[in-house]
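Asks: The structure under discussion is supplied below as structure tokens; questions concerning it will follow.
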Amino acid sequence: SAITLKTYEDRARTHPSPLARRLLKIMTDKQTNLCVSLDVQTKTELLHLADTLGPYVCVFKTHVDTVEDFTYESVIVPLVELSKRHNFLIFEDRKFADIGSTVKSQYASGIFKIAQWAHITNAHALPGPGIIDGLFAGTKDISEERGLLLLAEMSSAGSLATGDYTDKTVDIARKNMFFTFGFIAQSRLGNDNEDFIIMTPGVGLDDKGDSLGQQYRTVDDVVSSGSDIIIVGRGIFAKGRDPIAESKRYRDAGWKAYTARVK
Ligand code: 6AU
């Protein structure tokens, strides 16, 4: 599509979402389309990875509910500091999936208060458009930019998010393009004039998958399919891997594939 062939820099000037404009500018400035998925169980590991890999990424993705020693003060406060120091955005991969009223409180309050600190979060479109209204209402008192990704396709084997479900998810995203700036997906979505940011998980250069249904594609494959940001977890930090060396490798592969696409 026309958008796929434009540079991140051009798109940073015209994108309808303030959060996406900020993200595209970070990608341009740091020359990276890598999002690292920090799926670890302790705050020490999480903060260490955020500090050492920060220079190579545009986004850090978290699952804060898997951190065993989580407290807001000891995890979120330093993570936000690191995001400023290394100029990356934080994406809490919460995958909301309930009615608007419920997701609003899950997003804005409780133990995690996700809306306070996560620049990006994601949601399933399954409940219908009310989920976007609920989450957007959760950003009411936040002064910084916030953005939402809908899960339009999944990387896992046998995913039900295909065909008509995927198309209807794109329709729901069109409801509020100021807030819903893109998709978790495996392919380019939206029409030629729409600039949804496509973030793609299930990326790995050394593995084909795991024993629980995850499936990996190469960086070249997903970026040439129209993905804007690659999401990599275990490919970077699994046991025996050197996370800094792997981050550089995925960043370089991602940037090279993007450069080839926009040439
Ligand atoms: O690279 P991995 O397999 O270690 O980790 C992939 C990460 C995990 C998943 O929860 C997440 O990406 N994910 C998602 C997201 C980001 O929403 C959707 C999906 O379809 N597949 C997937 O793996 O943290």
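Quick note: the coordinates plus some simple rules give every number you see, no bench work behind them. Keep in mind the model is a prediction, meaning the values are calculated, not measured. Cβ sites come from the backbone with ideal geometry, for glycine too, and all protein chains shown count toward neighbours.
Asks: For every helix of n ≥ 4 consecutive DSSP H residues, a contribution of -39,500 (n - 2.57) applies; sum these over the chain, divide by its total residues, and give [θ] at 222 nm rounded to the nearest 500 deg cm²/dmol.
Replies: One gets -11000 deg cm²/dmol as the mean residue ellipticity at 222 nm.
Asks: Determine by what factor the alpha-carbon radius of gyration of segment 60-156 differs from 2.2 N^0.38 Å, reporting the quotient.
Replies: 1.06
Asks: Give the long-range amide H neighbours of residue 94: residues separated by 5 or more places, or on another chain, with amide H under 5 Å away, using H modelled in the peptide plane at 1.01 Å from N.
Replies: Sorted by chain and number, the residues that satisfy this are 122.
Asks: Points 7 angstrom from Cα along the Cβ direction at residue 192 and residue 259: gap in nanometres?
Replies: The modelled label-to-label distance comes out at 2.8 nm.
Asks: While we're here: Give a residue-ordered list of calculated ³J(HN,Hα) values for segment 246-263 (Karplus: 6.51 cos²θ - 1.76 cosθ + 1.60, θ = phi - 60°; whole Hz; x for Gly, Pro).
Replies: Working through the residues one at a time gives 5, 4, 5, 5, 6, 4, 5, 5, x, 6, 5, 5, 5, 4, 5, 5, 8, 4 Hz.
Asks: Can you give me the C-alpha center-to-center distance between segment 218-257 and segment 175-191, rounded to a whole angstrom?
Replies: 21 Å
Asks: Something else: When the chain is fully extended, how far beyond the present Cα-Cα distance does residue 80 get from residue 174, taking 0.36 nm per residue of separation?
Replies: 30.9 nm
Asks: Still on this structure, please answer the following. In the structure shown, do any of 84/248; 25/104; 113/248; 175/256 have a Cα-Cα gap over 23 Å, and if so which?
Replies: 25/104; 113/248; 175/256
Asks: Further question: Which residues' amide hydrogens lie under 5 Å from the amide hydrogen of residue 197, considering only partners 5 or more residues apart or on another chain, with H built in the peptide plane?
Replies: Answer set, sorted by chain and number: 182, 183.
Asks: Report the relative contact order of segment 43-121, percent, no decimals, based on alpha-carbon pairs under 8 angstrom and at least 6 residues apart.
Replies: So the answer I get is 33 percent.
Asks: Can you give the FRET efficiency for residue 208 and residue 29, using 1/(1 + (r/R0)^6), R0 = 35 Å, r = Cβ-Cβ distance, to the nearest 0.05?
Replies: Step by step, r from the Cβ atoms, then E = 0.55.
Asks: Only Cα pairs under 8 Å and at least 6 apart count here; give the relative contact order of the chain as a rounded whole percent.
Replies: This gives 20 percent for the chain.
Asks: With a point put 7 Å past each Cα toward its Cβ, work out how far residue 241 is from residue 71 in nm, to one decimal.
Replies: 3.2 nm
Asks: Starting from the amide H of residue 39, placed 1.01 Å from N in the peptide plane, find each other amide H under 5 Å away whose residue is 5 or more places distant or on another chain.
Replies: Amide H neighbours of residue 39: none.
Asks: Would you work out if segment 1-147 is rounded, prolate or oblate? Take a ≥ b ≥ c from the square roots of the eigenvalues of the alpha-carbon gyration tensor; rounded if a/c is under 1.5, else prolate when a/b is larger than b/c, oblate otherwise.
Replies: Cα axes put segment 1-147 in the oblate bin.
Asks: To continue, here is another question. Can you list the equivalent-ellipsoid semi-axes of the chain, largest first and in whole Å, using the square root of 5 times each Cα gyration tensor eigenvalue?
Replies: 24, 23, 19
Asks: When the Karplus curve 6.51 cos²θ - 1.76 cosθ + 1.60 is applied with θ = phi - 60°, which whole-Hz ³J(HN,Hα) does each residue of segment 155-172 get, with x for Gly and Pro?
Replies: Result, ordered by residue: 7, 7, 4, x, 3, 8, 7, 9, x, 4, 4, 4, 4, 5, 5, 4, 4, 5 Hz.
Asks: Moving on. Just to check I understand the Karplus step: with θ = phi - 60° and J = 6.51 cos²θ - 1.76 cosθ + 1.60, what whole-Hz values come out for segment 133-145, glycine and proline as x?
Replies: Coupling constants for segment 133-145: 4, x, 5, 4, 4, x, 9, 3, 9, 9, 8, 6, 5 Hz.
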